[in-house]
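Working notes, beginning with the structure itself.
The values are calculated or read from the model by the stated rules, or taken from the named source; none is laboratory data. Worth saying up front: this structure is predicted, and the values here are computed from it rather than measured. Methodologically, a virtual Cβ is constructed for each residue, glycine included, from the backbone with ideal geometry; neighbour enumeration extends over all protein chains shown. In case anyone asks, the SASA skips ligands and DNA or RNA and just uses the protein heavy atoms, side chains included. Shrake-Rupley method; radii C 1.70, N 1.55, O 1.52, S 1.80 Å.
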Amino acid sequence: MKKKVIFVGWISLMLVLVGFSPEMDSKPGQAVNDVVKVYGPGGPLGPIKEVAKQFTKETGIKVEVTAGPEEKWIDQAKQDADIIYGGSEYMLTDFMLNHPGIINEKSRTELYSRAAGILVRRGNPKNIQSLEDLTKKGVKIVDVNGAGQLGLWEDLAGRKGFIPGISRNIAISVKSSAEAIELWKANSKFDAWITYESWHYRLSDVTDLVQLPEEDKLYRGTPVSITSKSENKKKAKQFIDYLKTEESHQVFQKWGWK
């Protein structure tokens, strides 16, 4: 009997050393991968996070959203991402080209589009009311050359013949919205930022929004996809389906989407 007790104890010790514990033996519906891990840029974070909270409240399925410049989350996403979203269609395509095999292309779907607009200082001290006003002498523009905004100002300006004037007034170009926000808050010399209207709803304390006439607006999409290696595909799809409901659409509209 003593030998048997010692043998059982030795087996138990070995199981603990390799990481097994009876408490880790998940019950049905309580597996570790019950948490849906979502990664993407900062732009769509507001509505996606709000919808995630509603989804969790209604279904009990936890959704964890990590957003910001890609370099800050890509290493972790390669390990545990269930869903990747983009700030525009080209942005998710770039992600697929730069990180082949991560995204399940067949699961890619479009959520909602958002319009470009002009962010200006609170009170609009330079009285900027149009794209043409951005060509005036003394206007200093922040340009995000990436993060879903690549070529955005040029596409808008090109239709009106304003490329030379706006190009001349671009005071600085950065790669991400996070950098633009930091500059905007730190230095009041910047007067305008051609970006998505949706950013105003995240920065309403430091910006006013100049909306462009409907005939001048440009829209870009918000794509989302399940990852190829996700072990939680069923719940990931359930969350994406929820993102496409009318209730979720209304949340996106509140944050500046069409």
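On inspection, LYS217 qualifies as touching a Gly at 6+ places or on another chain (Cβ under 9 Å) and touching a residue at least 24 places away in the same chain (Cβ under 8 Å). Let me confirm something: among LYS235, LYS185, which residue is over 30 Å from LYS137 (Cα atoms) and either open to solvent by 80 Å² or more (accessible area, probe 1.4 Å) or not small (Gly, Ala, Ser) (or both)? After ruling out the rest, the residue left standing is LYS235.
Checking every residue in segment 91-103 against the condition of being polar (S, T, N, Q) and in contact (Cβ under 8 Å) with a residue 12 or more places away in the chain gives zero matches.
Specify the residue that is nearest to SER204 (Cα to Cα); the eligible residues are those in segment 109-132 that are among the hydrophobic types (A, V, I, L, M, F, W, C) and out of contact with any Asp or Glu (no Cβ under 8 Å at 6 or more places or on another chain).
For segment 109-132, the residue satisfying everything is ILE118.
Considering only segment 68-85, state which residues are open to solvent by 50 Å² or more (accessible area, probe 1.4 Å) and either polar (S, T, N, Q) or within 9 Å of TYR39 (Cβ to Cβ) (or both).
GLU70, GLN76, GLN79
Residue check: THR56 meets all listed conditions (1) part of a helix (DSSP H, G or I); (2) open to solvent by 40 Å² or more (accessible area, probe 1.4 Å); (3) in contact with a Lys or Arg (Cβ under 8 Å, 6 or more places away or on another chain); (4) in contact (Cβ under 8 Å) with a residue 24 or more places away in the chain but one, namely (4). For segment 203-222, the candidate set comprises residues that are of a type in the set (Asp, Glu) and at pLDDT below 95; within that set, the residue that is least open to solvent (accessible area, probe 1.4 Å) is ASP216. Of all residues in segment 226-258, those satisfying the criterion of being of a type in the set (Gly, Ala, Ser) and in contact with a Phe, Trp or Tyr (Cβ under 9 Å, 6 or more places away or on another chain) are SER248, GLY256. Just to verify a result, which residue in segment 238-258, among those that are within 23 Å of ASP34 (Cβ to Cβ) and among the polar types (S, T, N, Q), is least open to solvent (accessible area, probe 1.4 Å)? Top of the filtered list is SER248. Whether any residue in segment 140-158 is over 24 Å from ALA67 (Cα atoms), surrounded by fewer than 22 Cβ atoms within 10 Å (Cβ to Cβ), touching a Leu at 6+ places or on another chain (Cβ under 7 Å) and not basic (Lys, Arg) is what I want to check. Checking segment 140-158: at least one residue is over 24 Å from ALA67 (Cα atoms), surrounded by fewer than 22 Cβ atoms within 10 Å (Cβ to Cβ), touching a Leu at 6+ places or on another chain (Cβ under 7 Å) and not basic (Lys, Arg). Of all the residues in segment 86-106, those that are assigned to a helix (DSSP H, G or I) and either modelled with pLDDT under 95 or open to solvent by 30 Å² or more (accessible area, probe 1.4 Å) (or both) number 10.
For beta carbons closer than 7 Å, sequence separation of 6+ or different chains, a first residue in segment 243-255 that is among the polar types (S, T, N, Q) and a second that is assigned to a helix (DSSP H, G or I), the qualifying pairs are SER248/VAL51; SER248/TYR242.
Of all positions in segment 195-202, at least one carries a residue that is among the hydroxyl-bearing types (Ser, Thr, Tyr) and open to solvent by 70 Å² or more (accessible area, probe 1.4 Å). Applying a threshold of 6 Å to beta carbon distances and a minimum spacing of six or more residues, or different chains, the list of pairs starting in segment 176-197 at a residue that is modelled with pLDDT under 95 and ending at one that is among the β-branched types (Val, Ile, Thr) reads SER177/VAL144.
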